[in-house]
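The values are calculated or read from the model by the stated rules, or taken from the named source; none is laboratory data. Since this is a predicted model, take the numbers as computed values, not measurements. Methodologically, a virtual Cβ is constructed for each residue, glycine included, from the backbone with ideal geometry; neighbour enumeration extends over all protein chains shown. Ligands, DNA and RNA are stripped out before the accessible areas are found, and what is left, the full protein with its side chains, is counted by its heavy atoms. Shrake-Rupley method; radii C 1.70, N 1.55, O 1.52, S 1.80 Å.
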Amino acid sequence: TPGLFCGIQVSAVARSPVNTSGSTQEANLFTMLGFTYHRPLNGSAMEACCHLEAGRICLLQTHSLMRRKLQTPPNAKTRAMSIACRQGFSSPDIWNLSDWSRRGGLRIKRDVHAAGMDQEGSGSDELTAKRLTMQNILGDNYHLHIPLWQRQYNWDADNMEQLIEDLQQNLPEQVTDETVITDLDTMELGHGILLKQSSDQNCNKYTVVDGKQRLISLTMLLAAMRRRMKQWEHPEDKGNKMAKAIATKLFQEEDLGLSPERPEGPRVVVQKLTEDLYNSILTCNTLEFHKLSSKSRDEESALILSNARLAQKSVDAMDFDQVVVLFKYILNNCFLLSQETGSIRLAIQMYTSQTDKGKNMQASDILKGKLGEYLVSEEEHNTSELEQFAAKWQAMETRLGRDELQQFVSLIIKLRDLQEKPTTKRSSKNELQAVLDFAKKLEVTPGGARLYALHTLPAMYDSYMRLTESSLRLMSEPANVDSETVEIENRIHLLLVFMNQITATYNDWMIAAMVLLYQWQENKDNWPLAKVRIHLEDIERVAAYHYVCAVKGVDREKRFFQIAVQLNDAVVKDPNDGLLSLTYSEKKTFREKVTGPGLYKPRGRNYAAKYILMRADAELRQSNPPKQLYAGKKVTIDHILPQNPAEDCPGFFGFDDSKIRDEVTSQLGNLTLINGARNSAAGNSSYKVKLDKFTVHRGDSSKRVINEFAITEELIRQHPEKWDLEAFRQRHADLVDLVCGEHCWKLL
């Protein structure tokens, strides 16, 4: 007789010897279930247990099934959940398939005691799957709260335009007040995960675990319709009536008669950071809406306001009947597959499992969800630690922005294997899989996830901010008045300024530097500031070697990773020992690059040459350079002896031999730093004119002549009249001694 299997009507296989047609039936069954079937190699008996859990089809395979290579395609869970919702399944069900062999048929047994089971086999709150209209979602049964630990709103204009376009495509070209909504196609909005905040039947509060982007976008579209309707001068005051009808879907009314009481306010409550802006978008009139400004707003708020304006622009282009029909269509024909549970852990588990490979998901989103999942104490429904973690994460995301946050997460994921002390090349997994593996390691370590989320991660973030801001002291920390400490901090600041120049090409050095600063924060008694400075000097030297000599990426990453392992284990005692120092061969290669004739390449970007000159410039200074001096495109390299000097160009002597001239032109001694505008003005001028263009006159020019770069000011002072071969050789030797000497890279 027919049996309901995971929401699909499946006829039982006849009890007769299984032949070719039997294998076809077997294949068809599993194809319908969303599995890829391969014909069995033998006729051994098969036993399997398939169950619908948390909206997913899971297959527990026996040895016999493994030999048959039964595989689950990536979209199986989505198909299964859609099927289950359509059939009205409200809890996980387990089905046992047994006695399937050449001599038997198929027996289906429903095991109803499985409802509510989770992966650990312990009791948990019931999971309910519903296919709801927006009329239901934005009704009195749901008061939706978006938690702090949700990722930021990140829909851009393309996403918003696509949503509006999809809605409009389902409407007829010509609509009137007689258009029948039920005759139109439905629109599926995808999955949503809702966490019921109380077991009280009268409580309508739900936490939105998944669905934030769609809910905010749709409610802003409804708010745009409401503003448009309030403006309409329509017979019988239809505009205001429609505006009031739309308002009932945006706001719930106060009900003090219920227990617990229902407060007045928006049906969708967003996170604190964007709450004022979102509520203003819902409540303000047209004039007030156009006064809302995106200036001085964070990235998330700017996106919300931008999409609200896009929605308003689209609605303003519609006529009255189009707005009315679109409103009714959204309420009655747009469906959300809602998965509801009272278990915080299960809700977050479902979210991360369904979005691990989802569109626009990044490693940072998965790490946030996984750590949130592990922080939840399901028995007590205690969310204080989760909220503490979410607040810290939101502060990080607001400060860094989504792209830089992803860069930070990429760095800490690279550090995931520190305890394993790898001696060979690390595996090259994709970042999403790497963060899942990392989270799994935290999960199996007692207290590991909680310690990491509440302590280690924020501390690593502080280290990252110290690095990127080129300052050992964060803005919130008091300044130090100890002169010796200030001197060390200034030196560290200078080193970080230079290493941040390297970041545009690679950021592997940050792996080692983050561990160093983390150790310093955690163990200041054992890691005095002077020791931190010494190790940062070592890291900068190794980073400069890889940068200037263009070492391969794999070797570079492995080197810094191994340095991080040493620093993490605090085994580095002698700064001249081990991976923190350059080998003789590395020093020789580095020195040849600095001193050789091919340092400047006419057709290259010359990052290495500029870096060497900036290091020399900093070493020549008596004090720290201005913070932004070396940043941006304004810093350019100038050839003192031009690459193509004019024949009658005075002030240059001893360079008549073209071979000597070509060799000298691209070497360190003939290069200097200059502001880009003055570089263009100097061109191939005579030496005297060139120096005048290099010069910045402040006050009385006869008394004081300076340049913003110490290396160029030194050139002006030491060689004011002419540039000849002797001057070049002297300056070249001085600069080589400066950058290769004991105070800088120690290559001599």
Boolean, LYS531 is in a helix (DSSP H, G or I), touching a residue at least 60 places away in the same chain (Cβ under 8 Å) and of a type outside the set (S, T, N, Q): no
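In segment 624-638, which residue that is farther than 17 Å from ALA504 by Cα and surrounded by 12 or more Cβ atoms within 10 Å (Cβ to Cβ) is modelled with the lowest pLDDT?
Going residue by residue through segment 624-638, those that are farther than 17 Å from ALA504 by Cα are 624-627, 637-638.
Next, from what is left, pick out any that are surrounded by 12 or more Cβ atoms within 10 Å (Cβ to Cβ): 624-625, 627, 637-638.
Numbers: ASN624: 74, PRO625: 76, LYS627: 66, ILE637: 90, ASP638: 88.
Only one residue fits best here, namely LYS627.
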Single condition LEU517 does not satisfy, out of (1) modelled with pLDDT under 80; (2) touching a Ser or Thr at 6+ places or on another chain (Cβ under 6 Å): (1)
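Conditions (1) open to solvent by less than 20 Å² (accessible area, probe 1.4 Å); (2) modelled with pLDDT of 90 or more; (3) hydroxyl-bearing (Ser, Thr, Tyr); (4) not in a loop (DSSP other than H, G, I, E, B), marked per residue:
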site: VAL481; (1), (2), (3), (4): no, no, no, no
site: ASN500; (1), (2), (3), (4): no, yes, no, yes
site: ALA513; (1), (2), (3), (4): yes, yes, no, yes
site: ILE539; (1), (2), (3), (4): yes, yes, no, yes
Lone unmet requirement of (1) among the small types (Gly, Ala, Ser); (2) open to solvent by 10 Å² or more (accessible area, probe 1.4 Å); (3) closer than 20 Å to LEU747 by Cα for ALA504: (3)
Extreme residue, nearest to TYR351 (Cα to Cα), among residues of segment 204-219 that are within 21 Å of the chain's Cα centre (by Cα) and of a type outside the set (Val, Ile, Thr): ASP210
Pick from segment 705-748, criterion open to solvent by less than 30 Å² (accessible area, probe 1.4 Å) and charged (D, E, K, R), ranking: modelled with the highest pLDDT: ARG731
Residue count for segment 383-410, restricted to those that are of a type in the set (Lys, Arg) and out of contact with any helix residue (DSSP H, G or I) (no Cβ under 6 Å at 6 or more places or on another chain): 2
Any hit, segment 395-414, residues being under 18 Å from ALA512 (Cα atoms), modelled with pLDDT of 85 or more and of a type in the set (Gly, Ala, Ser): yes
Residue within segment 259-271 that is under 28 Å from LEU171 (Cα atoms) and open to solvent by 60 Å² or more (accessible area, probe 1.4 Å) present: no
Residue match in segment 361-380 (condition: modelled with pLDDT of 80 or more and either basic (Lys, Arg) or open to solvent by 30 Å² or more (accessible area, probe 1.4 Å) (or both)): yes
Cross-chain or 6+ apart pairs with Cβ under 6 Å, segment 491-503 first and among the charged types (D, E, K, R), then surrounded by fewer than 20 Cβ atoms within 10 Å (Cβ to Cβ): ARG491/ARG533
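Of all residues in segment 169-203 being assigned to a loop (DSSP other than H, G, I, E, B), closer than 30 Å to LEU346 by Cβ and in contact (Cβ under 8 Å) with a residue 40 or more places away in the chain, which is most open to solvent (accessible area, probe 1.4 Å)? Break it down into steps so the answer makes sense when it comes.
Narrowing segment 169-203 to residues assigned to a loop (DSSP other than H, G, I, E, B): 170-180, 184-186, 197-203.
Add one more test, that the residue is closer than 30 Å to LEU346 by Cβ, and what stays is 186, 197-203.
Going one step further and asking which of them are in contact (Cβ under 8 Å) with a residue 40 or more places away in the chain, we end up with 186, 197-200, 202-203.
Numbers: THR186: 73, GLN197: 93, SER198: 42, SER199: 110, ASP200: 57, ASN202: 71, CYS203: 14 Å².
Restricting to residues being assigned to a loop (DSSP other than H, G, I, E, B), closer than 30 Å to LEU346 by Cβ and in contact (Cβ under 8 Å) with a residue 40 or more places away in the chain, the top hit is SER199.
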